[in-house]
Amino acid sequence: MKKEHLEDYVLTIPDFPEPGIMFRDITSLIQDPDGLADAVDGLTDAVKDLDFDLVLGLESRGFIFGTPIAYNLKKGFIPVRKKGKLPRETVSASYDLEYGQATIEIHKDAIKKGQKVIIVDDLIATGGTLEAACKLVEELGGEVAGIVVVMELAGLNGREKLQKYNVKSLITYEGK
C-alpha cells in the first residue's frame, strides 16, 4: 500500500463547511472496496507490531476502521461515543471545538488497570478528540500504546497535543 494510492481516494471539497476550508472527504475512500481495504490494511500494518490488548475507536469513523483492525489482530474493540449514547455507567472527557465544547464517553468497565490500548480515528485535526480519548484511557488505568489515523491535517497542529504518544497517520496534508 502506497500513501499516494490512498490519497487518490480522498476527495477535496473546497469551501466546505465555510469559505477557505479545503474539506478532505474520506467517504469516497470507504465506499470503494480497494480504498477501504488499503486503509484498513495500512492501519493494521501500522499497529501490528505494537504491544496492546484492546482497540478503541472514536465515534463514528473510528468505528469503521477500528473494528476490522481489532478483528484482524484478534483484539477486543471499545467504542467511545458522544455523550449520552452509551447504556451503562460511563466516564467522560470534554474538549474544545472551534465554537464550543464536546464531550465523549466510555463505559467505566471498558478498560482494566494496566491494559494497553490503541486509539483509532479517521483524522487528526486540532487533536482535541484524540487527546480526550487518551485521558479516558488513562483515567480508567489503561495505557495508550499508540494512536493511528487515516489522515492528518498538519497545519492545525493537532500532533502537538499528542506529543507523548506514538502517533501514526497514513496520509498527511500540510495545510488545514
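The values are calculated or read from the model by the stated rules, or taken from the named source; none is laboratory data. Predicted, not measured: the structure shown is a model, and the values here were computed from it. Glycine also receives a Cβ, built like all others from the backbone with ideal geometry; neighbour counts cover every protein chain displayed. Surface accessibility is based on the protein's heavy atoms, side chains included, excluding ligands, DNA and RNA. Shrake-Rupley method; radii C 1.70, N 1.55, O 1.52, S 1.80 Å.
Quick look at the numbers
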| quantity | calculated |
| --- | --- |
| Selected residue (criterion: farthest from residue 111 (Cα to Cα)) from residues of segment 26-43 that are of a type in the set (A, V, I, L, M) and assigned to a helix (DSSP H, G or I) | 29 |
| Selection from segment 104-124 of residues that are under 26 Å from residue 30 (Cα atoms) and without any contact (Cβ under 8 Å) to a residue 40 or more places away in the chain | 105 |
| Which listed residue is closer than 27 Å to residue 156 by Cα, assigned to a strand (DSSP E or B) and of a type in the set (Gly, Ala, Ser), from 93, 46 | 93 |
| Count of residues meeting criterion [in contact (Cβ under 8 Å) with a residue 24 or more places away in the chain, under 24 Å from residue 132 (Cβ atoms), open to solvent by 10 Å² or more (accessible area, probe 1.4 Å) and of a type outside the set (Lys, Arg)] in segment 21-39 | 2 |
| Filter result (open to solvent by 10 Å² or more (accessible area, probe 1.4 Å) and touching a residue at least 60 places away in the same chain (Cβ under 8 Å)) within segment 125-141 | 129 |
| Candidates 115, 101, filtered to the one that is farther than 15 Å from residue 58 by Cβ, surrounded by fewer than 22 Cβ atoms within 10 Å (Cβ to Cβ) and touching a Leu at 6+ places or on another chain (Cβ under 7 Å) | 115 |
| Count of residues meeting criterion [open to solvent by less than 60 Å² (accessible area, probe 1.4 Å), within 21 Å of residue 41 (Cβ to Cβ) and outside any helix (DSSP H, G or I)] in segment 56-90 | 5 |
| Sole exception among (1) open to solvent by less than 70 Å² (accessible area, probe 1.4 Å); (2) assigned to a loop (DSSP other than H, G, I, E, B); (3) farther than 16 Å from residue 169 by Cα for residue 9, by number | (3) |
